[in-house]
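Everything below concerns the one structure shown next.
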There are 2 protein chains.
Amino acid sequence: MNRFSAMELLTQLLSIPSPTGSEDQKLAFIRNWIQSQCPKSELLCHTVDGLIVKNSVNQGPHIALVGHADVIPNWFDPYDCDGKRYGAGASDMQAGLAALMTAMAMLQKDISVSLIVYNREENTPLLNNGLYGLRQTVPDYFNAIDFAIVAEPTNNTIQLGCVGSVHYTVTVPGVAAHSARPWDGDHALYKALPLIQALANQSPVSHTVMGVDFFDVMHITESQCATGKTTIPDAWQANINYRYAPVYSAYDAENYGRSWIQNWVPTATIDVADHAPAGKLLKSSICDTFVALTGVSVEAKQAWTDVAQFAAMNIPAINYGPGLTAQAHRPDEYVVLSDIDIYTRILTQSLRAI
Amino acid sequence: MNRFSAMELLTQLLSIPSPTGSEDQKLAFIRNWIQSQCPKSELLCHTVDGLIVKNSVNQGPHIALVGHADVIPNWFDPYDCDGKRYGAGASDMQAGLAALMTAMAMLQKDISVSLIVYNREENTPLLNNGLYGLRQTVPDYFNAIDFAIVAEPTNNTIQLGCVGSVHYTVTVPGVAAHSARPWDGDHALYKALPLIQALANQSPVSHTVMGVDFFDVMHITESQCATGKTTIPDAWQANINYRYAPVYSAYDAENYGRSWIQNWVPTATIDVADHAPAGKLLKSSICDTFVALTGVSVEAKQAWTDVAQFAAMNIPAINYGPGLTAQAHRPDEYVVLSDIDIYTRILTQSLRAI
């Protein structure tokens, strides 16, 4: 296994479209590749949620290498330019997948390692998330994992934990009226102004956990009032996204956000559209050892990732991948080729040394 | 012609669906009814825009009775309850049409009168409006009109002129970012807050014209930011509707509104989506005489109507109809039956006495 083959593997991955919900062809390729390169590995499961392959080593800690197969950008023919590989999902997270698969092949006789490739991660509610589905299918497998590495794009740094994410659907009622006679109505958007102004005025609240900084932030992402072009709107509706540091329980965070919003507009209706709890940081000597061996910088994951699902199972897990965070979801997404090389080398060397 | 027949005629009109753009069947009925009841009348034109019928009297001032055939609510079987007639467009303005048609029949030998029934009035840009189309088809006919009565719903009062209406499409740019890392972006809705707050704070500005009060008002009707549920929005877009009294030129009003909006958010892009100029009040002895003869109360039309098209042709025109303003566009629209009777009687008596 050499640099050429990791690049070659990435080319093959990027050549197969895998938009969220249509990952079958990519999964079939990955399964065939692993079974060909790691003939002694065992396919633990392959369902609509993804696949899990375990190598034949059963001594020492069991390390899971984890990645999702789906990508956000529309597919385009991959190409190289100026040391970058362009392709749909290059950074998020086809480069990570190529590196994890390469590591599986390189480590197949050395340490106890498995590969989880799952479907439907992007913009997917937790109950439809492929990793969540796999957890229900093979719970015993997950119970045996000692440490998980999720290769989401982190610019080759290690990112610990993850913030929680609550989406509130907030509706502020008004009274419709003809737009030429506004005194007959009560403008819903104007009634929401104290809330919008308060959201605009607040600053991120920082929390230092195990030496890294998370931030609580709450903002309107989508909003609309659309009763008609000649109508004073009778409702303003918004999606408010609350991201909170892994220092609160999911219950407390959800209630805090709800109360905060309600305080500004007592007449608002507030529903929770989705809530992905934060990924707590677990004390773990394997994790500490691995992080120290890599020598790369460590920071907080200021986003939600499936590290939270491992935390919920009490499995130490980190975000660590070769993709660029800023490239994620861009229509012309790329990854820096040398980053994949560096990542694969540090990952395999550090895992061998644990 | 008696009260029963006006009610009977309204039943027939309400039995035929005529949503905007699909008025053919109703127009055919109206044409047949007029030709049957007023055998000496002349069909001046019948196009995709509507129809015009003139009676055979050619002495004295020429009065045009004007109504649109289209309705907003979804069609439903008309019925009576508690002295009200329920039906799609009952108040806006099928009752007015029934009364105008009845008046045409009653006045056919008395005064010079014509009936204009046109298509596509509701929510239609001026260039697609049926009355606008008829103006292009028979300009000489319009030049000969001395006074026009538009039977839009006015609660049996007379409403003079009409406010102008400009729809501005306002776009405030921001910079998108992941909603967990808002400091990477610039929130478009928050950047629009000075404008939204200023619109919420302003009061109507009144103008007294020929003894009636018009009001300038400007408000957001529709608005949205929708870059994604996990994205700080990179654009906020709104429809701002400016209604202005008939005391400004269309040019001045449009520029004033644009400057006012721009002043609050210098980075905003402002486009005029639609502009229907105000209907100016014209000095007219025929109009004054008619208004005095009716004895009904007189007020300003705080909405836009096709009276503005007559004003643009320098033809005195008023809004005067039996429908209830507050019932217009309601899904279960009704008209008070006795109002139609009162209206038809006052209209015909006053026109005979001019």
Chain A, rotation onto B, residue closest to that axis via Cβ, with its distance in Å: A:Gln224, 2
Restricting region A:20-129 to chymotrypsin sites (Phe, Trp or Tyr not before Pro) in coil, as DSSP defines it, with at most 16 other Cβ within 10 Å: A:Trp75, A:Phe76
Distance from region B:282-335 to region A:226-285 (C-alpha centre basis), Å: 49 Å
Spin-label pair B:Asn74/B:Gln136, simplified geometry with 7 Å Cα→Cβ offset, distance in nm: 3.4 nm
Selected from A:Pro17, A:Pro194, A:Pro277 as most flexible by GNM, with chain A as the system and alpha-carbon contacts under 10 Å: A:Pro194
Proportion of all alpha-carbon pairs of the protein assembly as shown beyond 37 Å (%): 54 percent
Cleavage-rule hits, trypsin sites (Lys or Arg not before Pro), region B:67-120, DSSP coil, Cβ neighbours within 10 Å at most 16: B:Lys109
Modelled label reach - B:Glu122, point 7 Å along Cα→Cβ, region B:87-106 residues with backbone N closer than 20 Å: B:87-101
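Based only on the alpha carbon positions, what is the Kirkwood hydrodynamic radius of region A:119-191, in angstrom?
On the way: mean 1/r = 0.0572 Å⁻¹.
In region A:119-191 this quantity evaluates to 17.5 Å.
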Region A:224-311, Cα convex hull volume normalised per residue, Å³: 138 Å³
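So for region B:49-89, what are the equivalent ellipsoid semi-axes in whole Å, largest first, each being the square root of 5 times an eigenvalue of the Cα gyration tensor? Let's see the in-between values first.
On the way: eigenvalues 207, 45, 12 Å².
In descending order the semi-axes read 32, 15, 8 Å.
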Separation between Cα centres of region A:70-94 and region B:64-97, rounded to whole Å: 60 Å
Inter-copy label distances at B:Asn143 (7 Å, Cα→Cβ; nm, one decimal): 9.6
Options B:Val205, B:Asn241, B:Ala176, ranked by Cα towards positive dipole end of region B:164-276, top entry (Cβ charges): B:Ala176
Where Rh is the Kirkwood radius over Cα pairs, Rg/Rh for region A:1-105: 0.97
Cα extents of chain B along the three principal axes, largest first (Å): 77, 43, 39
Hits among aspartates and glutamates - C-alpha to C-alpha of B:Lys54 under 17 Å, sequence gap 8 or more where chains match: B:Glu42, B:Asp110, B:Asp140, B:Asp146
Over region A:78-229: Rg over Rh, Cα atoms, Kirkwood Rh: 1.13
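Using a Förster distance of 41 Å, how high is the FRET efficiency between A:His46 and B:Asp184, based on the Cβ-Cβ distance and rounded to 0.05? Don't jump to the answer; show the numbers that get you there.
Working: r = 38 Å, r/R0 = 0.93.
About 0.60, to the nearest 0.05.
Pop the C-beta distance of A:Ala273 and B:Asn255 into the FRET formula with R0 = 30 Å and round what comes out to the nearest 0.05.
Values: r = 43 Å, r/R0 = 1.43.
The computed FRET efficiency comes out at 0.10.
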7 Å along Cα→Cβ, label-point gaps from A:Ser22 to other copies, nm, shortest first: 3.5
Inter-label distance, nm, simple model (7 Å from Cα along the C-beta direction), A:Cys81/B:Ala200: 4.5 nm
0 to 90° range, to nearest 10: angle between helix B:250-264 axis and chain B longest Cα axis: 30 degrees
Size of charge dipole - chain B - debye, nearest 20, with Cβ of Lys, Arg +1 and Asp, Glu -1, no other charges: 400 debye
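Per residue of B:191-199, count partner chain C-beta atoms within 10 Å of its C-beta, then hand back the mean as an integer.
Numbers: counts 1, 1, 6, 0, 0, 7, 4, 0, 5.
If you average over the peptide's residues, the count of other-chain Cβ atoms is 3.
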Listed residues A:Leu13, A:Leu199, A:Leu281, most fluctuating in chain A (Gaussian network, C-alpha, under 10 Å): A:Leu199
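Compute the Rg to Rh ratio over region A:164-276 from the alpha carbon atoms, using the Kirkwood formula for Rh, and round to two decimal places.
Details: Rg = 16.3 Å, Rh = 15.1 Å.
Ratio of gyration radius to Kirkwood radius for region A:164-276: 1.08.
Calculate the FRET efficiency for A:Ile342 and A:Ile286 from the Cβ-Cβ distance with a Förster distance of 25 Å, rounded to the nearest 0.05.
On the way: r = 22 Å, r/R0 = 0.89.
Efficiency at R0 = 25 Å is approximately 0.65.
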Of B:Arg330, B:Arg243, B:Arg181, the one that fluctuates the most in a GNM where chain B has Cα springs shorter than 10 Å: B:Arg181
Inter-copy spacing of B:Cys45 label points, which lie 7 Å from Cα along Cα→Cβ, given in nm from shortest upward: 7.4
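Read-outs throughout are calculated quantities, based only on the coordinates presented, and are distinct from any laboratory measurement. These numbers were taken from a predicted model, which means no experiment stands behind them. Virtual Cβ from ideal backbone geometry, glycine too; neighbours counted across all protein chains shown.
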